[in-house]
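Values quoted throughout were computed directly from the atomic coordinates according to the rules given, and no laboratory measurement underlies them. From a predicted model like this one, the values you see are computed outputs, not experimental measurements.
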Amino acid sequence: MAHRATNPEPVILGKIIADKGTRWGEETRKVAQTDAQRVLEALVAEYGVEAAVRALDNQGFKGDAMRYLLNPLYEEAIRRRSMVQLSSSVASSGDAETPLTDEEFEMTADQLADEGAAICRRQGAPATSLPITRDEMYLDHP
C-alpha cells in the first residue's frame with residue numbers, strides 16, 4: 001500500500017531492538033514487543049480513535065487508512081479498561097473473606113453498575129461493552 005511509504009523510517013520497535021544489538025537478549029526483545037503492545041492499548045483507550053488518527057497523520061502516516069485497525073483496537077482496549085476498573089472497584093469494596101449481607105451486596109452491585117455505566121459514558125462506549133452484566137453479579141450470590 002502506497003500510503004505506508006509516506007514515512008520511510010523503519011518500524012520504530014524494530015529500530016529500537018536493532019539499536020540495542022546484543023545488549024538485549026531474546027527474552028528482553030519479546031518483553032519489549034509485549035510492552036509496546038500494552039503501551040498501544042493504553043494510549044488508544046485513553047485518547048480514542050480520532051486522536052490516534054491525528055497522531056498518525058502528524059507522524060507522517062495516513063491515519064484514516066488505519067481505522068480498520070484502530071476501531072477494533074479501541075473497542076478491545078475499552079473492554080479491558082472497563083474490566084480492570086470494575087475489578088479495582090470490587091477489590092476496594094470490602095474484605096473478600098467477610099461475606100456481604102444482602103443489603104451490602106445490593107449496595108455494592110448498584111455502585112458497580114453505576115461505575116460501569118459511568119466508565120462507558122466517559123469512554124464513549126456502549127454499556128454492553130462492560131465485561132459483566134448486572135445479572136451475572138448475582139450468579140454466585142445466594
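The table below lists the values:
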{"quantity": "Per-residue HN-Hα couplings for the range 76-83 [Karplus 6.51, -1.76, 1.60; θ = phi - 60°; Hz; x = Gly/Pro]", "calculated": "5, 5, 5, 4, 5, 4, 4, 5"}
{"quantity": "Length gained when the stretch ASP35-ASN71 is fully extended (0.36 nm per residue, less Cα-Cα span)", "calculated": "10.9 nm"}
